[in-house]
Amino acid sequence: MKKISIDTRAKINLTLDILGKRLDGYHNVSMVMQSISLSDTLHFKLTDKDIKISCNNCYLPTDEKNIVYRAAQLLREKYNISQGVEVHIEKRIPFAAGLAGGSSNGAGTLIALNSLWDLHLGNEKLLKLGSKVGADVPFCMMGGTALAEGIGEKLTVINDLPEFDIVLVKPNIQISTPWAYSLIDVQNIKAHPDNTAMIEAIKIGNKEEIALNLGNVFEDVVFDKYPELMHIKESLKKLGALGVLMSGSGPTLYGLFTNELSAQSAKEVLLRDYEEVFAVRSYNEGGIESWDLKMD
Ligand SMILES: C[C@](O)(CO)[C@H](O)COP(=O)(O)OP(=O)(O)OC[C@H]1O[C@@H](n2ccc(N)nc2=O)[C@H](O)[C@@H]1O
Ligand SMILES: Nc1ncnc2c1ncn2[C@@H]1O[C@H](COP(=O)(O)OP(=O)(O)OP(=O)(O)O)[C@@H](O)[C@H]1O
């Protein structure tokens with residue numbers, strides 16, 4: 001039976017703006033997203049029938065609530081697939097963290113099963129299916145650096161982000177994305193990030209301008225509920241980060257560093273107070289073609 005494995009990468013938001021609430025309950029957003037080197041590995045094994053999920057993290061569901069299950073089931077139903085699949089998730093990306101760990105697993109599942117089940121789906125079709133699995137899934141399939149609009153599914157590729165060392169701090173708080181969106185009063189957002197300025201800063205590769213234009217409208221409302229997050233933001237700044245922001249709906253905060261040594265020493269200091277601290281890099285290999293399916 002065929003076996004393959006695939007690495008699925010987390011993302012950070014360089015900006016996150018919310019433009020309005022839609023009739024379907026979702027929000028229109030405009031955000032600059034960046035893939036990072038932190039990844040999970042998914043191991044796939046073809047079977048005769050059924051979808052079976054296992055995971056090294058016992059806190060994650062392994063039934064139909066798992067996004068991997070939902071992505072596989074969507075393909076099975078839509079294309080009348082009788083074969084089954086076993087998927088083992090090796091989790092390293094913290095979950096409910098604002099890093100799209102689940103969405104990246106959903107993206108990797110669609111890409112891997114397109115190959116394992118010989119579906120020959122083109123990129124456009126894959127991205128459309130991805131948006132049915134979750135709003136962040138199309139970006140996770142595309143990767144690299146992109147502007148995401150609509151509910152997150154309308155993607156425009158941007159030039160590569162200049163290389164940054166990035167320190168992530170995930171405090172012991174779980175944030176549900178719908179809850180965070182419910183805190184937003186669209187008419188009363190205090191400061192909208194300037195996406196045009198961010199895209200220009202990326203185009204010319206100006207790290208200071210990139211740091212200056214980081215912005216996430218969730219910060220105000222989520223910091224209000226969890227003041228500890230502001231404290232982490234201040235610590236990252238004091239430890240030498242050029243810019244600091246919360247990713248997605250939180251609670252992970254990240255700092256952009258311009259050299260590996262200062263990122264590593266910031267990580268060591270933060271590990272004294274927080275269990276989940278990672279030093280990672282921006283990951284610029286974008287495009288659906290860039291996924292690496294490894295034969296196990
Ligand atoms: C916060 C972000 O991570 C920023 O990248 C995303 O907007 C969230 O994307 P996601 O986790 O893939 O979201 P989904 O799993 O599709 O949706 C979960 C829930 O989040 C809310 N949601 C999500 C995306 C969006 N544009 N508007 C929303 O209001 C909805 O209540 C939805 O039911
Ligand atoms: N394969 C999976 N990996 C992680 N979480 C999963 C997975 N499948 C289902 N979930 C559930 O989805 C929820 C959100 O997980 P996820 O890691 O995608 O959150 P997130 O990092 O906040 O993502 P986003 O930035 O897209 O909002 C968790 O509560 C978790 O139980």
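Only Lys, Arg, Asp and Glu count, each charged at its Cβ (+1, +1, -1, -1), so figure out the dipole size of segment 140-296 about its Cα centre, rounded to 20 debye. Charge dipole of segment 140-296: 280 debye, to the nearest 20.
Bridges between two residues of the chain, per DSSP, are antiparallel at a rate of about 85%. The distance between label points at R272 and N57 comes to 2.8 nm (points 7 Å beyond Cα on the Cα→Cβ vector). Compute the signed sum of charges (Lys and Arg +1, Asp and Glu -1) over the other residues within less than 13 Å, Cβ to Cβ, of I158. Once positives and negatives cancel, what remains is -2. Loop-located GluC sites (Glu not before Pro) in segment 236-296 (DSSP state other than H, G, I, E, B) with a sparse environment of at most 14 neighbouring Cβ atoms within 10 Å: E275, E285. If every alpha-carbon in segment 1-157 counts as one equal scatterer, what log10 I(q)/I(0) does Debye give at q = 0.13 1/Å? Those come out to -0.57, one per q. Rounded, prolate or oblate, given the Cα gyration tensor of segment 163-218, with a/c below 1.5 counting as rounded? Note, shape of segment 163-218 comes out oblate. Counting Lys and Arg as +1 and Asp and Glu as -1 over every other residue whose Cβ lies under 12 Å from the Cβ of W291, the net charge comes to -2. At the listed q of 0.08, 0.10, 0.13 Å⁻¹, the Debye profile of the chain, built from one uniform point per Cα, gives log10 I(q)/I(0) equal to -0.33, -0.52, -0.88. Length gained on full extension, H27 to T258, computed as 0.36 nm times the residue gap minus the Cα-Cα distance: 79.8 nm. Kindly state, to the nearest 0.05, the FRET efficiency for T47 paired with Q187, given R0 = 41 Å and r defined as their beta-carbon distance. After rounding, the FRET efficiency stands at 0.20. Note that segment 45-54 has calculated 3J(HN,Hα) couplings of 9, 5, 9, 6, 8, 6, 10, 10, 10, 9 Hz, one per residue in order, obtained from phi through the Karplus relation 6.51 cos²θ - 1.76 cosθ + 1.60 (θ = phi - 60°); glycine and proline are x. Positive contributions from Lys and Arg (+1) and negative ones from Asp and Glu (-1), summed over other residues with Cβ under 9 Å from the Cβ of F278, come out at +2.
As a size descriptor, the averaged projected area of the C-alpha convex hull of segment 165-281 was calculated at 7.4 nm².
We did not get these values from a lab; they are worked out from the coordinates using the rules stated. Since we're looking at a predicted model, the values are computed, not measured. When we count neighbours, we look across all protein chains shown, and the Cβ atoms used for this are built from the backbone with ideal geometry, even at glycine.
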